[in-house]
Each structure stands twice: as structure tokens, then as C-alpha cells.
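Working notes for the structure below.
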Amino acid sequence: NAGVTQTPKFQVLKTGQSMTLQCAQDMNHNSMYWYRQDPGMGLRLIYYSASEGTTDKGEVPNGYNVSRLNKREFSLRLESAAPSQTSVYFCASSKRRDPTDTQYFGPGTRLTVL
Amino acid sequence: QQQVKQSPQSLIVQKGGISIINCAYENTAFDYFPWYQQFPGKGPALLIAIRPDVSEKKEGRFTISFNKSAKQFSLHIMDSQPGDSATYFCAASRGGADGLTFGKGTHLIIQP
């Protein structure tokens, strides 16, 4: 039982390049989330998927797209990376679409955009 | 607009002392207040959480105190240990919404 896994762990991009961050969970959870963490800013919600087949914008969705590929996998895509997207990205999952359900976080992807 | 304000930004406590981290919120619709603990290079993990119908919740050495009228809540770590050194985030959410609103985090160092 690996919990929430994220790939890659580290990535360096040049401005304008695109990439997809992968996330998978093996806990049979319905809801999945993408957050970004910046120094002194806490974590901010980018997108979430309440259940398979649905996605919704969070607090900071601009510049990102997501795909809920199936119940296990939720990917985050940067179409044209910008230096402002340099951050640590965390994927999380929870059993239900309920804020009181524990969110389990992955280990993060550290992204640098030059 | 920052909806959850957390202080202090960093905190140094001697081993065996009490660590106290405070949070204040503005949105009265918030009804769930978790604390997350994050070690370097790891994702955050739920530590303890409280609903506004109680004023205090204790789990081992960790206690949340909640003041609904002041819209404030705090985390107390009793008998702080070096292994408690981590970044702590308070958060809040409201029924019907998705995702959590996090504070900016407190970097806690417990000195041996």
C-alpha cells in the first residue's frame, strides 16, 4: 500500500516548455487534489476532482490543466511553463468529497522553471 | 485576501517546553479546522482536527484550543521533543466546499 505517489520528484523546465505531473493513489479514494506550496505562502489549491470524471478549479488554477484519468490517477499539466510556476507541487486524496475527510498527501514534485 | 492567518512564522522551543502556534480566521462559514505536520522533503500529514462545537481537543501531547467568538484556534504541543521539529500548518474548510484553506505555516525547532 504505497498511498499517494507522485512523479517526477524533481524537474527543471525552461520558460515555455510543457510537462505533466503524475499522481496516483491506491487507497480507492474518490477525491483528489493538486496543491502548490511556495515559501511563506502555505499550500494553495490548484484543482480538485471530487470524483472520477469531474474536475473543478481551486484558488490558483491559471496556467494549469488537469485530467482525472481514472479513479486512481490525477495529472496536472503545465502547457507553457513560466518562472512564476516554480514551486513544490503536492497531490492529495481523500475518501469522500467532504472537507472533514482526511487528505493524504504525496511526497511532492519540486519544479523549477528557468 | 488571506482567510487563515498563522503565527508565528518560526518558533524555537527548548526540549520539554510547550510549543504554541496560533491561527485566526475570517470566514464564519468555516466549520472544520485541521492541523497538518510536515517534515522536510515530505508531504503534509494530518495531526489533529477540531469542529467548532467543542472548545478543546486533545490527542496525546497535542491539543487544539478553539475560541469561536474570537475566531481563533491554536495548537499546543506539550513536553516538546526534537522529533516534533517540523513545519506546522493550520487549515480551515467549510461544509459543501472542497479543498482546504491553509495558513502560511510555522517552522518549529525543538532544541535538545
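Annotations for the structure displayed:
- Top-ranked residue in the range A:28-58 [being free of Cβ contacts under 8 Å to residues at least 24 places away in the same chain and of a type in the set (Gly, Ala, Ser); ranked as nearest to the other protein chains (Cβ to nearest Cβ)]: A:Gly42
- Unmet requirement for A:Thr15, which otherwise passes all of (1) assigned to a strand (DSSP E or B); (2) open to solvent by 40 Å² or more (accessible area, probe 1.4 Å); (3) among the hydroxyl-bearing types (Ser, Thr, Tyr): (1)
- Residues in the range A:40-65 that are open to solvent by less than 30 Å² (accessible area, probe 1.4 Å) and among the hydrophobic types (A, V, I, L, M, F, W, C) were compared, and the one that is modelled with the lowest pLDDT is A:Ala50.
- Sub-8 Å Cβ pairs linking a first residue in the range B:65-81 that is under 23 Å from B:Glu26 (Cβ atoms) to a second residue that is in a loop (DSSP other than H, G, I, E, B) and open to solvent by 70 Å² or more (accessible area, probe 1.4 Å), at least 6 apart or interchain, are B:Ser65/B:Ser55; B:Phe66/B:Ser55; B:Asn67/B:Ser55; B:Lys68/B:Ser55; B:Lys71/B:Glu26; B:Lys71/B:Thr28; B:His76/B:Ile18, ordered by first then second residue.
- Residue match in the range A:19-27 (condition: within 13 Å of chain B (Cβ to nearest Cβ) and within 26 Å of B:Gly103 (Cβ to Cβ)): yes
- Options A:Gln22, A:Gln37: the member that is closer than 17 Å to A:Thr109 by Cα and open to solvent by 50 Å² or more (accessible area, probe 1.4 Å): A:Gln22
- Restricting attention to the range A:67-82, the residues being open to solvent by 30 Å² or more (accessible area, probe 1.4 Å) and in a strand (DSSP E or B) number 3.
- Hey, A:Gln103 modelled with pLDDT under 95 and either under 19 Å from A:Gln6 (Cα atoms) or open to solvent by 20 Å² or more (accessible area, probe 1.4 Å) (or both) or not: yes
- The lone criterion from (1) touching a residue at least 12 places away in the same chain (Cβ under 8 Å); (2) open to solvent by 50 Å² or more (accessible area, probe 1.4 Å) left unmet by B:Pro34 is number (2).
The values are calculated or read from the model by the stated rules, or taken from the named source; none is laboratory data. Remember, it's a predicted structure, so these values are computed and weren't measured experimentally. Backbone-built Cβ (ideal geometry, glycine too); neighbour counts: all protein chains shown. These area figures cover heavy atoms from the full protein model, side chains too; ligands, DNA and RNA do not enter into them. Shrake-Rupley method; radii C 1.70, N 1.55, O 1.52, S 1.80 Å.
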